[in-house]
Structures are given as structure tokens and as C-alpha cells.
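Each remark here refers to the structure printed beneath this line.
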Amino acid sequence: MPVGDVIFVLRATPHESFERSGNDLLTNVSITLSEALLGFSRILITHLDGRGVKVTSPPGKIISSGESIVLRGEGMPVHKNPDQKGNLYVVLHIDMPDEDWLKNVNQKVSRSTLSSSVLMNIYQFFAI
């Protein structure tokens, strides 16, 4: 048998939820319009190890579609230094309600409930 190098060819298949860039991970998550406008705190992601990752957006911070949240230390382990991990970038996409939603909403109550500053932010949000 001839002596020589052993060559391995690795092909990575895309993951359905995560994209890897070095030690960082990127994932896309959908949130509701009300979460984008009013904030949220819930488990949005099931990580590669099976645990739920809680993501929070404070009330008063309006999220635009395509905006991202960085979760530090939630990425992949650093080679030869497993105590350090990369970051997880969560790109948020907003699920817009359909026309039927507006028909079922009491618009007088909705307008009186929302302050004028929130309404102005909503206007600016859609004007983009």
C-alpha cells in the first residue's frame, strides 16, 4: 500500500434555522405587529442544544422589520477556547395583520387607548 496523505472533504448542509459565520450565528424570527410596537419578553428561539432562548424588547421601543438583536455569548464555541462563544444575531421580521383583522378591531377603543406619541411612531413606522 502506498504511503500518502489522507484527505477529507467536508460538506456543510444548511441548517433550517441558523446560519453560521465564524463563531457567530444568525437566525430570522417573526414577531407580531403588537410585539413590534409594544415590546415583548418571550422565548423566541430553540437553540441548537435544545434550550429555549428568551428575547426581550422593552416597552416604548418600536422595532422595524429587519432590525436585529444581538445576544452575546449565544453563538458557537471558539476553537481551542470552549469557554468563549460567539454572538447570536436575531433578525426580526414583523407579521402584518390581514384586512380581516382591522374589521374585528374596535377602532374607537384602539385610538383612545394609544397615545398620540405612539400613533405618531406608528405613522412614521409605516411611512418608511
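The values are calculated or read from the model by the stated rules, or taken from the named source; none is laboratory data. Keep in mind that what you see is a predicted model, and the values were worked out from it rather than measured. Because the Cβ atoms are built from the backbone with ideal geometry, glycine has one as well, and the counts that use them run over all protein chains shown.
Which residue is nearest to Asp95 (Cα to Cα), if the candidates are limited to region 1-29 and must be among the aliphatic types (A, V, I, L, M) and touching a residue at least 24 places away in the same chain (Cβ under 8 Å)?
Val29
Residue by residue through region 63-104, note down the ones that are closer than 17 Å to Val29 by Cβ, of a type in the set (A, V, I, L, M, F, W, C) and either at pLDDT below 90 or not in a strand (DSSP E or B) (or both).
Once the filter is applied, which keeps residues that are closer than 17 Å to Val29 by Cβ, of a type in the set (A, V, I, L, M, F, W, C) and either at pLDDT below 90 or not in a strand (DSSP E or B) (or both), region 63-104 yields Ile63, Met96.
So Thr32 clears everything in (1) touching a residue at least 60 places away in the same chain (Cβ under 8 Å); (2) touching an Asp or Glu at 6+ places or on another chain (Cβ under 7 Å); (3) closer than 11 Å to Tyr89 by Cα except one condition, right? Which one?
(3)
Looking only at region 16-62, how many residues end up being closer than 23 Å to Gly86 by Cβ, of a type outside the set (Phe, Trp, Tyr) and not in a loop (DSSP other than H, G, I, E, B)?
So the answer is 19.
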